[in-house]
Amino acid sequence: MLAVGASAYVLIFGAPGFLRDLNSRCNAYNQACGTVFGFVTPLLSVGLASAVFLFYRLRYVKSPVTRKAKRCPQDLVQTASPDIGTIVGRDELCQVIMEDIRDREFRRPHLVVGSVGTGKTAFLVQLTRLLAERGAIPVPIRLRDAREGLNFRELAYRRFLSMTEERLLSDAEAERVWRQLCIDDQIVVIADGLEEAMAEGSAEQDRDNLIRLAIRRARELRLPLVIASRPHDPLRGADATFMELDPLSEEAALEYILEGKRSEHDLRRLNRIVETAGLAELPLYLRVTRQLYLTDRLDHLAAGQTARKLDTRSLDRSELRFRLLDTWMEALFEGRLMPGVPLDREEREAVVAWLSALACIGLQADTGDVKYEDYMRRPKRRQGNPSGADEKPRYQAMDEQVQRIVEEKLVDRRLDIRLATSWGDRLGLVEAHGESV
């Protein structure tokens, strides 16, 4: 750029002292000048192209990812709910992990382990936001999508393409941007749901070894990787740093529920609920309580009020948790929760009947991913009865209960399992995808 600018200046204003001397030398030794400039000019052109790529195209492609990660990280984390709310009490753990993965030489994958409802996904959402604020490019992936094998780097690359495809000109540029970000050590892979990886497909039988090999391969590549998982066998012996999610403090739980709306009366009542129900130990119940508080369902039932509200007096831990869930379900049926979904009370109750049956199957199999065929499948035919005419559905008793509830709620209407899960998806109760939920 300097050479081009100097040449333009000479053409317009004439050569100053230094450039005049340089031109006279080139006139005297034109072959030498031609050789030098013929070698240097292509290098300068490549340098200019690289500068344009690094300072314009690279920033242009990655800017929407970092902007969304800072403002709406729950939209990037595929397993997170849109109404996840403010996340509290996890900043210290996020800071520890971010410091650990900064050192490329001694970097190891991090495994964040916690049982159902402990807030693993919420933690990943908070980590996504903090990484973006530090200048990293968080790439959240859903390990349920890994069916035939597990390669964290490949899954992250495909996810990065889907997040930036509207700003990429070609596959070649996508590969170049990805490689440059990896060279700059800006990519951080955030993986959720390790227990659901390769749950089906040809790799299912050798699943445990493949998971350990994938984690080891990520360590060899020095890939910045944070994985959230429920405790399960393949994690034993994995080449990773283990971290267990500790319960939130009661102060953090109150901050999450109140969400900036603070009054002395609310603080005393919520403090009693948090302490009695042990909400700091179970973010799932914490979220339920927050939604009840924001919809004004934690007040005592007062005279003259027809709305059903939660009475928290004289309850032990189990009873209070049950009442919280029961009141939350009632608010959902009445349309106080998810009011934008155009379903009446009877339709919502019928949907919950179907989803309850699927939840029982998932609980029995210890999985969060239930296939429709698991519910509808008939048992294998017995010898001596090749036709299977007298065989019954696998969950016949449960199916009869579901059909009875649906018939009571939806008179002269049908509601099959696929439509029920589709409605459940809109209500935020499940995530329907393909042949499973």
Inset, instruction - May I ask you to list the residues in segment 1-56 that are exposed (fewer than 11 other Cβ atoms within 10 Å of the Cβ), over 50 Å from the mean Cα position of the chain (by Cα) and within 30 Å of residue 173 (Cα to Cα)? - result: 38, 39
Legend entry - Failed item, numbered, when residue 65 is tested on (1) aliphatic (A, V, I, L, M); (2) under 24 Å from residue 259 (Cα atoms); (3) under 17 Å from the mean Cα position of the chain (by Cα): (2)
Inset, instruction - Please work out which one of (1) more than 26 Å from residue 232 (Cβ to Cβ); (2) open to solvent by 30 Å² or more (accessible area, probe 1.4 Å); (3) part of a helix (DSSP H, G or I) is the condition residue 153 fails and give its number. - result: (1)
Inset, instruction - Confirm whether residue 63 is exposed (fewer than 13 other Cβ atoms within 10 Å of the Cβ) and either more than 23 Å from residue 280 (Cβ to Cβ) or free of Cβ contacts under 8 Å to residues at least 24 places away in the same chain (or both). - result: yes
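Let's see how each residue does on (1) open to solvent by less than 70 Å² (accessible area, probe 1.4 Å); (2) in contact with a helix residue (DSSP H, G or I) (Cβ under 7 Å, 6 or more places away or on another chain):
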position	(1), (2)
217	no, no
222	no, no
232	yes, yes
235	yes, no
239	yes, yes
242	no, no
Inset, instruction - Could you list, in sequence order, all residues of segment 372-398 that are modelled with pLDDT of 85 or more, under 33 Å from the mean Cα position of the chain (by Cα) and either open to solvent by 40 Å² or more (accessible area, probe 1.4 Å) or farther than 30 Å from residue 345 by Cα (or both)? - result: 373, 398
Inset, instruction - Evaluate the following for residue 158: is it open to solvent by 50 Å² or more (accessible area, probe 1.4 Å) and part of a helix (DSSP H, G or I)? - result: yes
Legend entry - residue 78 among the polar types (S, T, N, Q) and surrounded by fewer than 19 Cβ atoms within 10 Å (Cβ to Cβ): yes
Inset, instruction - Working only within segment 339-352, note down all residues that are in contact with a Lys or Arg (Cβ under 8 Å, 6 or more places away or on another chain) and open to solvent by 70 Å² or more (accessible area, probe 1.4 Å). - result: 346
Inset, instruction - Give the residue, chosen from 194, 168, that is at pLDDT 85 or above and either on the phi < 0 side of the Ramachandran plot or among the β-branched types (Val, Ile, Thr) (or both). - result: 194
Legend entry - Candidates 211, 183, 137 - the one that is under 22 Å from residue 87 (Cα atoms) and either of a type outside the set (A, V, I, L, M, F, W, C) or at pLDDT 85 or above (or both): 137
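The values are calculated or read from the model by the stated rules, or taken from the named source; none is laboratory data. Predicted, not measured: the structure shown is a model, and the values here were computed from it. All Cβ positions, even for glycine, are placed from backbone atoms using ideal geometry, and neighbour counts span all protein chains on display. Ligands, DNA and RNA are stripped out before the accessible areas are found, and what is left, the full protein with its side chains, is counted by its heavy atoms. Shrake-Rupley method; radii C 1.70, N 1.55, O 1.52, S 1.80 Å.
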